[in-house]
Amino acid sequence: MRLEAHEPPEVRGEGRDDVALLVSNRRGELVHTRFRELPRFLGAGDLLVVNTSATLPAALGAGLDGEALQVRLSTAQPGGLWIVEVRTADGRQRPLPPDHSRLELAGGGHVELLARFAGSGRLAIACLRVDGPVDEYLVRNGLPIRYGYVHEPWPIEAYQTVFATEPGSAEMPSAGRPFTAELVTQLVSSGVLVAPIVLHTGLSSPERGEPPYPERFRVPATTAALVNAVHGWGGRVIAVGTTVVRALETATGEDGIVREAQGWTGLVITPERGVRAVDGLLTGLHEAESSHLQMLEAIAGAETLDRSYRAAVDRGYLWHEFGDVHLIL
């Protein structure tokens, strides 16, 4: 039976890096350890690529015709528009209100639903009207997006990684959460390199059985050059999270060279497409319906992935953003 992480490990008196770490490779080897042991599996000249997007408190209280609701901001669009999801006040799914519905926000302002997004049953394109910059409004009035398996509300700080510098993600790029400043220092001191990309995540809630929709990303020139250099000297490029894989692979040509890039990516990575930029992945444990599993299969292979997930279930690993981590090499 799959187990869910209901709370951050800090609540249990543990550190962020005390979560379990499952290490697997295509040779069929599996290692069960703790995340703080990550330096054992990386070497001098390897490169960790991390997502520096910070998490927004993107859930807003709202009302429509006397019904208390929650509006979840997903992805900012040109012209001040947003992709949004509407849920009940306690976070349960509900049908989208009709187009042109106006939802009054509890903190002032309103959201007008303009049209369904790309035929989605859950997402809409909406116009957001609030006083002042949206980021500042969210800090005053928003809460982190929380799903039913997280039983208690936690502050936005619980949803930030040590790498977070640029607000923009609806949900935490959670593969980076177990890192601490001390662990990063230990890795860098041993010769492991660290380089950033930015990919602002949208909502994961519509992702079951559906392809991910376009997200904003940026791969700096220095990161692209470092990835190419690491491959040149025989090092390994390890993506910290599926968001990093998506950004790097979008910036990589068929020749395997990574180039500076930014904009929107709708890339879906499948085993048939394969990967060109990354040699490994640090990631959480994903739902069976998630399209992320196609990406994991492209990196690990179907047999290794199946063996890893069976072992994770047998050992009681924890799923979701506060849960345990899988390193695929």
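Evaluated against (1) farther than 30 Å from Gly280 by Cα; (2) aromatic (Phe, Trp, Tyr); (3) at pLDDT below 95, Tyr149 falls short on exactly one condition, (1).
If the condition is being surrounded by fewer than 19 Cβ atoms within 10 Å (Cβ to Cβ) and in a helix (DSSP H, G or I), then region 156-182 contributes Ile156, Glu157, Ala181, Glu182.
Being closer than 30 Å to Asn141 by Cα and modelled with pLDDT under 95 is the filter here, so list the residues in region 17-64 that pass it. It would help to see each step written out before you state the result.
Start the filter on region 17-64 by keeping residues that are closer than 30 Å to Asn141 by Cα, which leaves 50-64.
Scanning region 17-64 gives no hits.
Filtering region 97-131 to residues that are among the polar types (S, T, N, Q) and farther than 14 Å from Arg72 by Cβ leaves only Ser101. When Val31, Val50, Val71, Val84 are checked against the criterion of being part of a strand (DSSP E or B), in contact (Cβ under 8 Å) with a residue 40 or more places away in the chain and within 20 Å of Gly323 (Cβ to Cβ), a single residue qualifies: Val50.
For the residues Ala106, Ala68, Ala76, the requirement of being small (Gly, Ala, Ser), surrounded by 13 or more Cβ atoms within 10 Å (Cβ to Cβ), over 18 Å from the mean Cα position of the chain (by Cα) and outside the structural domain of Arg307 (by TED's automatic domain parsing) singles out Ala106. Residues that are more than 13 Å from Glu272 (Cβ to Cβ) and touching a Leu at 6+ places or on another chain (Cβ under 6 Å) were ranked within region 282-307; the one that is surrounded by the most Cβ atoms within 10 Å (Cβ to Cβ) is Leu282.
The values are calculated or read from the model by the stated rules, or taken from the named source; none is laboratory data. Bear in mind that the values here come from a model prediction, so they are computed numbers and not experimental data. Here the Cβ is made from the backbone with ideal geometry for all residues, glycine too, and neighbour counts use every protein chain on show.
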